[in-house]
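Participant: This is the structure, below, for whatever I ask next.
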Amino acid sequence: NHFNLALRDQNLGDFARAREHYLAVLAEDELNVEARNNLGLLYHGRGMTDEAITEFRHAIAVNPRYVKARGNLAVALMAAGRLPEARAELRAALDVAPRDVDVLVNMALVERRDQHLERAIELLVKTIAASPEHAVAHYNLAVLYDEHDSLALAFDHYHAFLKHAGPEHASLVAAVQLRVLALESTRDRPGP
């Protein structure tokens, strides 16, 4: 099964083989939205933004209600600096799935990049209210609070991130642990 082999190779980091298997799936069934979406993710992971955008758009053309592809398209568009298009894709995704927490987090990231910080915070707070264990929402909210000197709130959300972070967040954990230690040391210092 080419799809399963593509997933395996993608998880192993073998771009060429994963791409080959996804293309074989699409040769058999060009309307396979999961293969299109995953091929887009494969391209995005390699910095091939235009190719990723093309694959995500193909998946959405086949199934306009495919929220995962819309979210991934928005991330690729955001990486390309195309914030209005990213926002439009996320709004379309929210029309289909208004409570999708991953879409809400991505919308918050678009708002942050577009300097709408209060809106970004509002979306992340809404996400955490709906899904208190959403590690990425806690992390992004902590970063926003940290950047704006709301250090007690940043500390709380960094701590929540560490509590809920899974193995997929391993690349962030060490830096967050260091930041939590730094924030703890400032909290323990006596004031002037």
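Participant: Collect the residues in segment 4-28 that are farther than 19 Å from GLU51 by Cα and more than 23 Å from the chain's Cα centre (by Cα), keeping them in residue-number order.
Facilitator: Hits for segment 4-28 are ASN4, LEU5, GLU28.
Participant: So how many residues does segment 5-41 have that are surrounded by 13 or more Cβ atoms within 10 Å (Cβ to Cβ), under 18 Å from ARG70 (Cβ atoms) and touching a helix residue (DSSP H, G or I) at 6+ places or on another chain (Cβ under 7 Å)?
Facilitator: Result for segment 5-41: 9.
Participant: Still on this structure: Within segment 60-81, identify whether any single residue is part of a loop (DSSP other than H, G, I, E, B) and within 21 Å of ILE121 (Cα to Cα), and answer yes or no.
Facilitator: Checked against the condition, which is being part of a loop (DSSP other than H, G, I, E, B) and within 21 Å of ILE121 (Cα to Cα), segment 60-81 yields at least one hit.
Participant: Another one. Under 7 Å by Cβ, and 6 or more places apart or on different chains, what pairs join a residue from segment 21-33 that is closer than 11 Å to PHE3 by Cα with one that is part of a loop (DSSP other than H, G, I, E, B)?
Facilitator: What qualifies is VAL25/ASN32; LEU26/ASN32.
Participant: Just to verify a result, which residue in segment 82-111, among those that are at pLDDT 95 or above and basic (Lys, Arg), is surrounded by the most Cβ atoms within 10 Å (Cβ to Cβ)?
Facilitator: ARG87
Participant: Then there is this: Being at pLDDT below 95, assigned to a helix (DSSP H, G or I) and among the aliphatic types (A, V, I, L, M) narrows it down to one of ALA170, ALA137, ALA154, so name that one.
Facilitator: Testing whether each residue is at pLDDT below 95, assigned to a helix (DSSP H, G or I) and among the aliphatic types (A, V, I, L, M) leaves just ALA170.
Participant: What about ARG189, is it over 30 Å from ARG65 (Cα atoms), at pLDDT below 95 and either acidic (Asp, Glu) or open to solvent by 80 Å² or more (accessible area, probe 1.4 Å) (or both)? It would help to see each step written out before you state the result.
Facilitator: Numbers: over 30 Å from ARG65 (Cα atoms): yes; at pLDDT below 95: yes; either acidic (Asp, Glu) or open to solvent by 80 Å² or more (accessible area, probe 1.4 Å) (or both): yes.
So ARG189 passes the test.
Participant: Provide a single number: the residues in segment 88-113 that are of a type outside the set (A, V, I, L, M, F, W, C) and within 17 Å of PRO64 (Cβ to Cβ).
Facilitator: The total comes to 5.
Participant: Anything in segment 32-58 that is of a type in the set (Val, Ile, Thr) and out of contact with any Gly (no Cβ under 9 Å at 6 or more places or on another chain)? List them, or say none.
Facilitator: Across segment 32-58, the qualifying residues are VAL33, THR49.
The values are calculated or read from the model by the stated rules, or taken from the named source; none is laboratory data. What you see is a predicted model, and the numbers here were worked out from it, not measured in a lab. For neighbour counting, all protein chains shown are included, and Cβ atoms are generated from backbone atoms with ideal geometry for every residue, glycine included. All accessible areas refer to the heavy atoms of the entire protein, side chains included, with ligands and DNA or RNA removed. Shrake-Rupley method; radii C 1.70, N 1.55, O 1.52, S 1.80 Å.
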